[in-house]
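Notes follow once the structure below has been shown.
Values in this text are rule-based calculations from the coordinates and carry no lab data. Just so we're clear, the structure is a prediction, and the values are computed from it rather than from any experiment. Here the Cβ positions follow ideal geometry from the backbone for every residue, glycine too, while neighbour counts run over all protein chains shown.
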Amino acid sequence: MSESLAISRAVPRPGEGTHAATMDARRELQLALGALWLLDGILQFQPSMFTKAFPDMLAGTSAGNPAFVASPVTWSAALITHHLVVLNAIFATVQVALGLGIAWRPAVRLALAASVLWSLAVWFLGEGLGGVLSGTASLTDGAPGAVILYALLAVLLWPAREERPARFTAGRAIGEKPALVLWTVLWASMAFFASQPGYRTPSGLSGEIKEMAGGQPAWVTWPVTHLASLLAGQGLLTACLLAAAFAVTALGLWLPSKPARAAIVLALLLAAFLWLTQGLGGLFTGGSTDPNSGPLLVLLALAYWPATETEGA
C-alpha cells in the first residue's frame, strides 16, 4: 500500500469529519470490540450466573491479595450473593448496552468511556487485579487480566477529533509513542508471568492447560488435552520459549514497518496459542463470563498493524 493511500485511510479528507459514512480500520475494530462486549453480556445471562457459583467465583479472586484488594472483593461478592438475580441481570444488561453503544456511532464516545470505567471496576472487584499482586496471575486465566484489555482497547480506539500521525490505528488517538509504550508494557508483563517459578516446573503450563479441558465439548477437549500432553515434562523449555516470544513481541513494534509486521504476526500466533491454552475461554462450559484474553489480544494486534511503509523508522 502506498504511503498516500495509507494516509488517506487514516485521516478523513476535509469536509468528511470523523463521522464519515465510510468505515475506516478504527471503526471496524470498534465494532469488533462492541461485539465482544455483547458476547460478554450474553454469557452473563447464562443460568449459572444466577446461582451462588458466580459470587463464589468472584470471592475466590481475593485469595492471596493484600487487604486493600481482598476486602473490597469479598464485600462485592457478599453483596452480589444477597441480591444475586437483580445485580447479575444489571451486570449483563450493562455489558450488552456497552456493546450496542459502541456499535451506534452517536453513542460511541460515551460507550467507550463507560467501558473503561466498567473494565477497571470489574478488574478490581471481579478479578482481584488479575492476581497480579497475589502472585497467582496465570496466562491461562488471561493475566494480567482479560477485562483490563477492554479498557486498553477503548483508549486506543478512541475516536479523537484531531488525528495524530501514527503508523498504526492504535496510535491515532493518543500518539504513536504512548501507544508503543502501552504495547510494550502489556507484552513484557506476559513475558514476566511466563517466567514465574510455577511455569518452570516439569508440569508447569501443561497442568493448567489440562484443567481447561474440563466440561468442554469433545472438539474443544481433544486439542486442549493434546496440547497439554505435548508440553508435559517440558515446563522449563516452554516457559523460556514463551518468555522470549513475549519479549520479542513487546519490543518488535519499535522497529521499522517490515520487522514490526513480523512482530504482529508473532503476537497473533501467541494470542491463538494462549486462547487454546485457555480452552477457548470456556465458552462452551456454561460458566464462562467472557472469552478470556485470546480474542482481545488478536484485536489489539490488528490495531497495531503498520499501515505505512517507513524506512529507518
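Figures for the structure shown
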{"read-out": "Gaussian network model of the chain, springs between alpha carbon atoms under 10 Å - residue of Gly279, Gly128, Gly287 with greatest fluctuation", "value": "Gly287"}
{"read-out": "GluC sites (Glu not before Pro) restricted to segment 209-313 and DSSP loop, no more than 10 other C-beta within 10 Å", "value": "Glu311"}
{"read-out": "Ascending count of other beta-carbon atoms within 10 Å, so fewest first, for His226, His82", "value": "His82, His226"}
{"read-out": "Fluctuation leader among Gly130, Gly281, Gly207 - the chain, Gaussian network, Cα springs under 10 angstrom", "value": "Gly207"}
{"read-out": "For segment 50-191: rounded, prolate or oblate by the Cα gyration tensor [a/c cutoff 1.5]", "value": "oblate"}
{"read-out": "Value at 222 nm in deg cm²/dmol, rounded to 500, when DSSP H runs of n ≥ 4 in the chain each add -39,500 (n - 2.57)", "value": "-20000 deg cm²/dmol"}
{"read-out": "Partners for Lys177 among lysines (Cα-Cα distance below 30 Å; same-chain residues under 8 apart left out)", "value": "Lys258"}
{"read-out": "Highest-fluctuation residue, Thr51, Thr74, Thr277 considered, GNM on the chain with Cα pairs under 10 Å", "value": "Thr51"}
{"read-out": "Charge-dipole axis of the chain as Lys and Arg at +1 and Asp and Glu at -1 on Cβ define it, positive-most pick from Gln95, Tyr199, Thr140", "value": "Gln95"}
{"read-out": "Of the DSSP H helices in the chain, those whose Cα atoms cover at least 18 Å axially and whose Kyte score averages 1.0 or more", "value": "67-82, 84-103, 108-125, 176-194, 218-231, 235-252, 257-277"}
{"read-out": "Stretchable slack from Leu237 to Ile42, in nm (0.36 nm times residue separation minus alpha-carbon distance)", "value": "66.3 nm"}
{"read-out": "Over segment 159-285: Rg over Rh, Cα atoms, Kirkwood Rh", "value": "1.07"}
{"read-out": "Distance between modelled label sites at His83 and Arg164, nm, 7 Å Cα→Cβ extension", "value": "3.9"}
{"read-out": "Segment 146-191 shape via C-alpha gyration tensor axes, a/c threshold 1.5", "value": "oblate"}
